[in-house]
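The values are calculated or read from the model by the stated rules, or taken from the named source; none is laboratory data. Just so it is clear, the structure is predicted and the values come from calculations on it, not from any experiment. For neighbour counting, all protein chains shown are included, and Cβ atoms are generated from backbone atoms with ideal geometry for every residue, glycine included. Quick note on the areas: whole protein, heavy atoms, side chains included, nothing else; ligands and nucleic acids left out. Shrake-Rupley method; radii C 1.70, N 1.55, O 1.52, S 1.80 Å.
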Amino acid sequence: MRLVWLALLSEFVVSLVTGPYSTAFIALGTFGLTLLPMAFARRFQIYIPRSFMAGIVLFLFATLFLGEVDDFYYRYWWWDVVLHGGSALGFGLVGFVAIFMLFQGDRYAAPPWAMGLFAFCFAMSIGALWEIFEYSMDEIFGTNMQKSGLQDTMWDLIVDAGGGLIGALSGVIYLKRDRGAPFAGLIRDFIQRNGKFFAKYRDK
């Protein structure tokens, strides 16, 4: 994470001196956004696994800086697919943990499929909001975040659905058999380190 921060701050200083100023703005904005998850965790006293935190920072750096400033979206056709799929998977996991937290870790408060459905819908909602953001940026500031317009938007949502489904199913499997679930270690680490939010959690 420190390397990403160093790269962003270096680019901000260089762009501020030599131009273009838009690059300096994006570098500084991206740097600020990477600090938000830590500020959120500190504000609400929530432990976020280091690997997940690093993933958030790398995602923001890859999409806002490398993607837009260094044109990785044009250089590598798979760049957008990987970022959307990975982020949707992450939001699927976040959605599952969020609903599990609301039930205070009670495995039997709702059917596993219902918790999975919420997690999937959460991931898709974030994906849809991101597409609205891209459209707004293109319309207001004349950027080209949507690339090929409707085609780009629909493929992004399809990839979001795939990633969100994997994340949601991982949560469902965790409820059913815990240690055999994908990302079980990450989910278990979060629950155990945030025990006060999971008072009714019972490990197998």
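Would you mind telling me the share, in percent, of accessible area of the chain contributed by carbon and sulfur at probe 1.4 angstrom?
70
Calculate, in whole percent, how much of the Cα-Cα pair population of the chain lies beyond 27 Å.
In whole percent, the long-distance tail amounts to 37.
Apply the membrane-span-like helix rule to the chain: whole DSSP H runs, Cα extent along the own long axis of at least 27 Å, mean Kyte-Doolittle hydropathy at least -0.5. List the helices found.
The answer, listed by residue number, is 21-43, 79-102, 112-141, 150-177.
Using alpha carbon centroids, what distance separates the range 3-45 and the range 105-149, in Å?
Spelled out, the Cα-based centre of one part sits 24 Å from the other.
Return the distance in nm (one decimal) between the two label points of a simple spin-label model at LEU35 and ARG75, each offset 7 Å from Cα along Cα→Cβ.
Each label point lies 7 Å from its Cα, and together they span 2.8 nm.
Describe numerically, in nm with one decimal, the distance between label points set 7 Å from Cα along Cα→Cβ at SER22 and at ALA199.
For SER22 paired with ALA199, the spin-label model returns 5.3 nm.
Please give the FRET efficiency for ALA114 paired with MET1, using the beta carbon to beta carbon distance and R0 = 22 Å, rounded to the nearest 0.05.
It comes out at approximately 0.05.
Roughly speaking, what is the stretch gain from GLN192 to ASP106, that is 0.36 nm per residue apart minus the C-alpha to C-alpha distance, in nm to one decimal?
Gain on stretching GLN192 to ASP106: 29.6 nm.
R0 = 35 Å: FRET efficiency of ARG42 with MET154, Cβ-based, nearest 0.05?
That gives a FRET efficiency of 0.40.
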